[in-house]
Structure formats: C-alpha cells, structure tokens
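Here the structure comes first, spelled out in structure tokens, and everything after it is commentary.
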Amino acid sequence: MTAESLLTDLIVPLRPADTGEEALGVMGEFYVRHLPIVENRQLVAVISEEDILNADAMEEVGNYPLASRPPAVFPDDHLYDVMRLLVEYKLTVVPVIDREGNYLGMVSSEDLLRFFAESSTFRDPGSIVILEVGRQDYSLAEIARIVESDGAVILSSFVRSFPDSGLVEVTIKVSSQSIASTLATFERYKYTVKASFNEKQLQDTMRERYDSLMSYLNV
C-alpha cells in the first residue's frame, strides 16, 4: 500500500512554457483540478484550476506565482500519506518524486478512492459497529478479543478523536453479519455502542421499501 502501487504517468505533467489555457484543457480531459509542473525532470510546482482562473489564462504557467515547495510523496510512502496531502492541500492529484526531486508520476484522488473501494475491507460482507470509549480505556486488542469471541474478525478499524474531549470514537468492520451478541458483549464491557450497520438488514430494508413502492404503484 505505497504510492508506487498507484503511480500513473497517463496524465502528462505541464511544462513551464505551457499556458494556463493549455493546462485547463488537460484538466478538463482528465477530470482533475491540479497538475504538476515539471522542468528538466524536476518537480517545480503544482498548479490548480483556481490559480489559472484568478490570473491570465494566456500566460505561461511558469510565470504564475506558485509555491516553491510543492506537496509531493516518495514512491515508498504509504497511501495514507497520499491521502493526508490530498486533504491537507485540497488536491485532486499528488505528485510522486524520487529523493533527488525527479518527477516520477502522480496518484489521483480517483485512483486512491477506487483502490480502497475495491479492497476486501469494503467488498467483503460484514457489519459496521461504531463505539465510544474513554481515551485512556481504548484498547484495540480488547475490542478484537470481544469480536473474536463470537467467531468473527475485524476487517478494518478507524479511530477518531475529538478536541477537548476524553472520548474517542472507534469504527470497526467485522466479518460477521449476525452481531447482536457482539453488541451485547460490548455493552457489558461498558462500551457505548453509538451505531451499528448490518448489510443483510440494509438489504432487507431496501427490499421492504421496494415492495411497498410496488404495492403503491399497483393500487
């Protein structure tokens, strides 16, 4: 799960001599709002659609006032680092460079989302449980033991903390679709179950709504 695994060179980077109008054309073709600018293989900047729209589109992109230290990742950086830059800088692509600053390609937000959507974490059937627990009491090992005591495993986990709060929110996806006893065990161990989502229940609910709609249309 490194940047190198999603590296693409299908989108050609800009050259400093390219105009803003040409950059907008490339952005429109590939449905992105950012592009790297590369000179002599070196990444020199990242330009956004907003940068161009707020300036002269006929101007060469090398003359735009852009940050001299563009955000980028190395090929062996984790995909979480790519995600962090996408969010922090509100990017649609993240350039990938080697240790000498040479441009290697980019990772797009679309490719990153597709990767996670196609991973077993999202594709495998199961249930989602959202827990609330004191920060000092949080133990993923204990949560895993509770889940495994019912014959299931944790497929993924996500921890969210809140400023000025001693609580954390833990979201887990478990492999089982029958989690009633697991929820009861969590409550017995003083965990607050904020929400739970079962794929089978969701499918049943959608079926009931569909049947109700069909019945209404047949009246």
D137: at positive phi, of a type in the set (D, E) and more than 23 Å from the chain's Cα centre (by Cα), yes or no?
no
Could you tell me which of the residues I37, I11 is touching a Leu at 6+ places or on another chain (Cβ under 6 Å) and either of a type outside the set (S, T, Y) or not in a loop (DSSP other than H, G, I, E, B) (or both)?
I37
Go through V168, V133, V93 for me and flag whichever is β-branched (V, I, T) and not assigned by TED's automatic domain parsing to the domain that holds V193.
V93
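Would you confirm whether any residue within segment 112-120 is under 30 Å from N40 (Cβ atoms) and either outside the structural domain of F197 (by TED's automatic domain parsing) or free of Cβ contacts under 8 Å to residues at least 40 places away in the same chain (or both)? Walk me through how you get there before you give the answer.
Taking segment 112-120 and keeping what is under 30 Å from N40 (Cβ atoms), we get 112.
In the following step, the residues that additionally are either outside the structural domain of F197 (by TED's automatic domain parsing) or free of Cβ contacts under 8 Å to residues at least 40 places away in the same chain (or both) were identified as 112.
Yes, because at least one residue in segment 112-120 is under 30 Å from N40 (Cβ atoms) and either outside the structural domain of F197 (by TED's automatic domain parsing) or free of Cβ contacts under 8 Å to residues at least 40 places away in the same chain (or both).
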Does at least one position in segment 15-33 carry a residue that is in a helix (DSSP H, G or I), out of contact with any helix residue (DSSP H, G or I) (no Cβ under 8 Å at 6 or more places or on another chain), of a type in the set (A, V, I, L, M, F, W, C) and closer than 24 Å to F115 by Cα?
yes
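Scan segment 62-105 for residues that are among the β-branched types (V, I, T) and in contact with a Ser or Thr (Cβ under 7 Å, 6 or more places away or on another chain) and jot them down.
If we filter segment 62-105 for residues that are among the β-branched types (V, I, T), which is where we start, we get 73, 82, 87, 92-94, 96-97.
Those that are among the β-branched types (V, I, T) and in contact with a Ser or Thr (Cβ under 7 Å, 6 or more places away or on another chain): T92, V93.
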Identify, please: which residue in segment 117-129 is surrounded by 13 or more Cβ atoms within 10 Å (Cβ to Cβ) and touching a Leu at 6+ places or on another chain (Cβ under 8 Å) and is, among those, modelled with the lowest pLDDT?
T121
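The values are calculated or read from the model by the stated rules, or taken from the named source; none is laboratory data. This is a predicted model, so every value here is computed, not measured. Every residue, glycine among them, receives a Cβ derived from its backbone with ideal geometry; neighbour counts consider all protein chains shown.
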